[in-house]
1. Scan the range 8-35 for residues that are part of a loop (DSSP other than H, G, I, E, B) and among the aromatic types (Phe, Trp, Tyr) and report the count.
2. Run down ILE8, ILE33 and say which single residue is loosely packed, with under 13 Cβ neighbours inside 10 Å and at pLDDT below 90.
3. Checking the condition among the hydroxyl-bearing types (Ser, Thr, Tyr), touching a strand residue (DSSP E or B) at 6+ places or on another chain (Cβ under 6 Å) and either on the phi < 0 side of the Ramachandran plot or at pLDDT below 90 (or both), which residue from THR41, THR53, THR111, THR118 passes?
4. Do we find a residue being among the aromatic types (Phe, Trp, Tyr) and in contact (Cβ under 8 Å) with a residue 40 or more places away in the chain anywhere in the range 21-34?
5. Within the range 44-61, does at least one residue satisfy the condition of being among the hydrophobic types (A, V, I, L, M, F, W, C), surrounded by 11 or more Cβ atoms within 10 Å (Cβ to Cβ) and over 13 Å from the mean Cα position of the chain (by Cα)?
6. Are there any pairs with C-beta distances below 7 angstrom linking a residue in the range 1-12 that is among the polar types (S, T, N, Q) to a residue that is in a helix (DSSP H, G or I) and surrounded by 11 or more Cβ atoms within 10 Å (Cβ to Cβ), with the two at least 6 apart or on different chains, and if so which?
7. Which residues, taken from the range 102-139, are surrounded by fewer than 14 Cβ atoms within 10 Å (Cβ to Cβ) and of a type in the set (Phe, Trp, Tyr)?
Amino acid sequence: MYTLINKIIEGLLVAIFGLLVIDVVWQVISRYIVGQSSSFTEEFARFSLIWLTVLGAAYINGQQEGHLAMDFLLSKLPEAKRKGRQKVIQISMALFALVVMVIGGGNLVYTTLRLGQTSSALHLPLGYVYAIVPLSGLIIIFFSWYNIKKLNK
């Protein structure tokens, strides 16, 4: 399950980044070669960056060695204490993801969809843009659970 979720997220991140590159190249071509800039490209780029950042953070959480960490003191501890501290860190990350991203982000999505807020150029409901926050929170919780399970072995 862990590998499947990683592959799906990797594919999504590559696709979003590819679309972002195409969008920005089109913006440059339409502005400087055609002489008339497209109205949707700036907004699409902004939404793509939101998705890349939040989904990328969830992906990096699953890659234990890939994220920035200050682990100098942690690496100096004996193995048993290090595993205990790592469990506390994973639990803290899961709680943060639950409270801030899943509950808070879910509330944001619900509120913006209920109010009917849409983006100005794409006319896309903003709740769909913000939906990546609770989704990424659930992914972080899954990866934290997986990492704790891996530490118990």
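The values are calculated or read from the model by the stated rules, or taken from the named source; none is laboratory data. None of the values given here were measured: they were computed from a predicted structure. So basically every Cβ, Gly included, is an ideal-geometry build from the backbone, and we count neighbours across all protein chains shown.
1. Within the range 8-35, the first condition is being part of a loop (DSSP other than H, G, I, E, B), and the residues that meet it are 35.
Then drop every residue that is not among the aromatic types (Phe, Trp, Tyr), which leaves none.
Residues flagged as part of a loop (DSSP other than H, G, I, E, B) and among the aromatic types (Phe, Trp, Tyr) within the range 8-35 amount to 0.
2. Values: ILE8 fails: at pLDDT below 90.
Being loosely packed, with under 13 Cβ neighbours inside 10 Å and at pLDDT below 90 holds for just one of ILE8, ILE33, which is ILE33.
3. Values: THR41 fails: touching a strand residue (DSSP E or B) at 6+ places or on another chain (Cβ under 6 Å); THR53 fails: touching a strand residue (DSSP E or B) at 6+ places or on another chain (Cβ under 6 Å); THR111 fails: touching a strand residue (DSSP E or B) at 6+ places or on another chain (Cβ under 6 Å).
That would be THR118, the only listed residue that is among the hydroxyl-bearing types (Ser, Thr, Tyr), touching a strand residue (DSSP E or B) at 6+ places or on another chain (Cβ under 6 Å) and either on the phi < 0 side of the Ramachandran plot or at pLDDT below 90 (or both).
4. Step one: list which residues in the range 21-34 are among the aromatic types (Phe, Trp, Tyr), which gives 26, 32.
Remaining after also requiring in contact (Cβ under 8 Å) with a residue 40 or more places away in the chain: none.
Taking every residue of the range 21-34 in turn, none turns out to be among the aromatic types (Phe, Trp, Tyr) and in contact (Cβ under 8 Å) with a residue 40 or more places away in the chain.
5. Going residue by residue through the range 44-61, those that are among the hydrophobic types (A, V, I, L, M, F, W, C) are 44-45, 47, 49-52, 54-55, 57-58, 60.
Filter once more, so that each one left must be surrounded by 11 or more Cβ atoms within 10 Å (Cβ to Cβ): 44-45, 47, 49-52, 54-55, 57-58, 60.
From what is left, the residues that are over 13 Å from the mean Cα position of the chain (by Cα) are 44-45.
Yes, the range 44-61 contains a residue that is among the hydrophobic types (A, V, I, L, M, F, W, C), surrounded by 11 or more Cβ atoms within 10 Å (Cβ to Cβ) and over 13 Å from the mean Cα position of the chain (by Cα).
6. Qualifying pairs under 7 Å: ASN6/GLY62.
7. Passing the criteria: only TYR110.
Results for (1) among the charged types (D, E, K, R); (2) under 16 Å from the mean Cα position of the chain (by Cα), shown as yes or no for each residue.
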residue	(1), (2)
LEU77	no, no
ARG82	yes, no
GLN86	no, no
ILE89	no, no
GLY127	no, yes
LEU138	no, yes
